1. Using a 1.4 Å probe on the protein heavy atoms, what percent of the accessible area of region 198-261 belongs to carbon and sulfur?
2. What lysines sit close enough to K166 to cross-link, taking a C-alpha to C-alpha distance under 17 Å and skipping anything fewer than 8 places away on the same chain?
3. Which order do peptides 259-265, 306-312 fall in by mean Cβ count within 10 Å, highest first?
4. Please give the per residue accessible area of region 311-404, computed with a probe of 1.4 Å over protein heavy atoms only, in Å².
5. What does the extension gain come out to for R21 and A277, with contour length at 0.36 nm per residue minus their alpha carbon separation?
6. Which whole-Hz ³J(HN,Hα) couplings does region 219-230 yield from phi under the Karplus relation 6.51 cos²θ - 1.76 cosθ + 1.60, θ = phi - 60°, glycine and proline marked x?
7. Over region 2-67, what percent of the accessible surface lies on carbon and sulfur atoms, probe 1.4 Å?
8. If the cut-off is 22 Å between C-alpha atoms, which lysines fall inside it for K181, apart from same-chain ones fewer than 8 positions away?
Amino acid sequence: MSISVGLEAQIEDFIQRLKRRQILGSYFVAKETATILRQVVSTSRWRDVNVLIDIVTQTGIRLAAAQPNELAVGNIVKRVLKVIREVSRGELETEGRDEREEAIPDYSSFDEDELVDSDKEQSIFKQSSTTSSLSGSISGRPELTTQTSMFRLLADMSTLTVREQKREENEKRVRDTYNLKPLIIQEINEEIIADLDTIYKGIADQALDFIHANEVIMTIGISRTVQEFLIRASQKRKFQVLVAETAPTYQGHKMALSLSKAGIDTTVIADSAIFAAMPRVNKVVLGAHAVLANGALVSVSGSHLLAAAAKHHSTPVLVCTALYKLSPLFAYVADAFNVTVSPQNVLNFQEGPIIDKVTITNPYYDYVGPDYVSLFIHNLGSAPPTYVYRLINDNYDPEDSTTF
């Protein structure tokens, strides 16, 4: 791959931080992945879109292999590949194309391989039209007085030699590369990086549609998406929030502290009290680490317990998630995307006699099936679990769904 030395060092540094879990949180992982891929498009040497797709794909494979359970990496890579393909096919409308379209005729009815340089087309057309008029007068055929793109195409193919055609194709490829690079970078900035900066606002703006006055909301763990969702609703309505403490990490304590500082009536409960408190709850609001193709989600440990209790009591479960967390992958095993962390918080290593006799597993995530989820609230609206596949088709290209 034609990647500069400085960019290669930056990629390797990001890979090492992913392996050591020094960068946590899907948002920060996605933001840095998008920034690196934008630099790959900008600084790498490529003369063909297929070469650029190969470079981005190989870079994405390296990043995804560093932390396979961080699905946001692969999701951003697939989104960038879709942008590249759409720009190369001319499916995206950009401001930079308007001036060029005024100077160049419309050849939208032909493939790119059939088109040649417009300047040489005009000179060749003049020669071929003169020849055709002479032959037309001799043979008795009427002269062609209208300049059609099909006539120019046939004249070019009959006049140009094989060597000239190859030179024309190479020049056109270089010209297209020069035009496509700024367009691709612009789309990455506007469609991906700028979208990441507004995801929390897009989800929080819908809070008043789902949170009503005097309701009791239950959540678990700490999630910036859920936090801003509830804080935005509290600006207009009063309600109570029950936060499960999420042992052994006790993330719920931090979540409860941030909500109480925002003026929300917040109560911390033990994880074992979730089922007992569920009859008083009107809605359950969860965050998500990743959303899978079947509508299931990977969330903080304890989420499955909370969702199962809500389903037993027929309590709706709302999941606040961003579109970049949607993954076209399936979890054929419940623990396929789980991570086991140090059991230090469960049982201290200093208790040697007990540790020698037990095996401790401390999972960080839970798999929550689609039948436990009532609605996904994302930054562009809301959708049930059965509609997730449509969102995935809109955000990713089918050619890239099985790459990462």
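The values are calculated or read from the model by the stated rules, or taken from the named source; none is laboratory data. In this text the structure is predicted, and so the values were computed from the model without any measurement. Cβ placement follows ideal geometry from the backbone for every residue including glycine, while neighbour counts extend to all protein chains displayed. Note: accessible area is taken over every heavy atom of the protein model, side chains too, but ligands, DNA and RNA are not part of it. Shrake-Rupley method; radii C 1.70, N 1.55, O 1.52, S 1.80 Å.
1. Reported share for carbon and sulfur atoms: 50 percent.
2. Qualifying lysines at Cα under 17 Å: K120.
3. Descending packing order for the listed peptides: 306-312, 259-265.
4. Averaged over the residues of region 311-404, the accessible area is 55 Å².
5. Stretched out fully, the R21 to A277 stretch lengthens by 88.7 nm.
6. Result, rounded to whole Hz: 9, 9, x, 10, 9, 5, 5, 5, 4, 5, 4, 6.
7. Accessible surface attributable to carbon and sulfur in region 2-67 totals 52 percent.
8. Straight-line reach from K181, under 22 Å: K31, K78, K82, K172.
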